[in-house]
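Enquirer: One structure, as structure tokens, below. Some questions next.
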Amino acid sequence: MSPLEGIPLASSETTRDRSVLRLLAAEPAVMLAAGRALLLQVAHPKVAQGVADHSDLRHRPLDRLFGTLDFLTIVAFGTEEEAERMGRSIRRMHERITGPGYSGNDPDLQVWVNATLIDAALFVYEDILRSPSGDLAAAYIDQARYVADVLGCPPGAQPADLGAFRRYMDEMIASLDVSDTGREVMRAVLWSRKLRWLWPALWFNRFVTTGLLPERFRAQYGLPWSGRKDRVLWFLLRTGAFCYRLVPGRLRRAGVPLMLWTSRRRSARRARRYAAQRTATTS
């Protein structure tokens, strides 16, 4: 059975190949590295400043998560028309995200943010799940560039292939230094006061996110870690991955239609709210 079997396609599918992008996006386990992706993003001082200045992360901590998930879900599983429409909407919102030295439509920042999402998905797929459907990294790199493309990232700005992507990530991780603002965003994410009622999930997210971060960033964020914690984490991840792989792929990915439906509804509400705000601003 093909690993791609059972993943629904949008009704007005075009010729662009998104099969491997969909395969990894449909794996619920990829969410394990969501915290890693976010803290890699805000390790870039310009991204961290933009989030701090323009995101309501402290008061509405789930909004950014759901916004990112909805965008990625529609880009992966929706029609290309839907993806392009959402991309235009986000580009308009990004026009307002400006500050000293940064812009929401900066191609360099778009490349970095998308690279952290690609890195997180591949990290789970390769290092935790041990590539259950085979070596798909090169194809995933090729197809996942579409995510930044729909946001207007210039052609050729993103790493061209798997080797270029690995070199890019190594260079960025070695050169970035976490700012004080980045550490503030990290604390707002990992110790969210608005989500204190979810403290067991918050504790687990802190534990996993800290353990999956590159050691250099873990130290710069001031997140304590030890060899014992590392052994416990990887025992849990390996045991969980073994059980996870016992579940048939079609069953693991069965929630995609509901996920797409929910993302479409949330995105539509978000678009109506944004349109109302623009109307109020200009009137």
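The values are calculated or read from the model by the stated rules, or taken from the named source; none is laboratory data. Keep in mind that what you see is a predicted model, and the values were worked out from it rather than measured. FYI the Cβ positions are ideal-geometry reconstructions off the backbone, even for glycines, and counts take in every protein chain you see. Just so you know, the surface numbers come from the protein's heavy atoms only, side chains and all, with ligands and any DNA or RNA stripped out. Shrake-Rupley method; radii C 1.70, N 1.55, O 1.52, S 1.80 Å.
Enquirer: Return the only residue of Asp63, Asp53 being on the phi < 0 side of the Ramachandran plot, modelled with pLDDT under 90 and surrounded by fewer than 17 Cβ atoms within 10 Å (Cβ to Cβ).
Expert: The conditions single out Asp63.
Enquirer: Please tell me if Asp135 is under 22 Å from Val111 (Cβ atoms), assigned to a loop (DSSP other than H, G, I, E, B) and either among the charged types (D, E, K, R) or touching an Asp or Glu at 6+ places or on another chain (Cβ under 6 Å) (or both).
Expert: no
Each row is one residue, and each column tells you yes or no for (1) modelled with pLDDT of 95 or more; (2) part of a helix (DSSP H, G or I); (3) among the small types (Gly, Ala, Ser).
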residue	(1), (2), (3)
Val124	yes, yes, no
Asp127	yes, yes, no
Gly163	yes, yes, yes
Ile173	yes, yes, no
Arg196	no, yes, no
Trp199	no, yes, no
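Enquirer: Taking into account only those residues within segment 77-88 that are touching a helix residue (DSSP H, G or I) at 6+ places or on another chain (Cβ under 7 Å) and either farther than 15 Å from Asp17 by Cα or free of Cβ contacts under 8 Å to residues at least 60 places away in the same chain (or both), which is surrounded by the fewest Cβ atoms within 10 Å (Cβ to Cβ)?
Expert: Glu82
Enquirer: Return yes or no: is Phe207 at pLDDT 95 or above and under 18 Å from Arg130 (Cβ atoms)?
Expert: So Phe207 does not fit the description; no.
Enquirer: Here's a follow-up. Quick one: would you say Arg60 is under 17 Å from the mean Cα position of the chain (by Cα), under 15 Å from Arg270 (Cβ atoms) and not aromatic (Phe, Trp, Tyr)?
Expert: Here the answer is no, as Arg60 does not meet what is asked.
Enquirer: Any residue at all in segment 142-160 that's part of a helix (DSSP H, G or I), under 17 Å from Leu40 (Cβ atoms) and not β-branched (Val, Ile, Thr)?
Expert: The answer is yes, given that some residue of segment 142-160 is part of a helix (DSSP H, G or I), under 17 Å from Leu40 (Cβ atoms) and not β-branched (Val, Ile, Thr).
Enquirer: Hey, among the residues in segment 134-157 that are of a type outside the set (A, V, I, L, M, F, W, C) and open to solvent by less than 40 Å² (accessible area, probe 1.4 Å), which one's farthest from the chain's Cα centre (by Cα)?
Expert: Gly134
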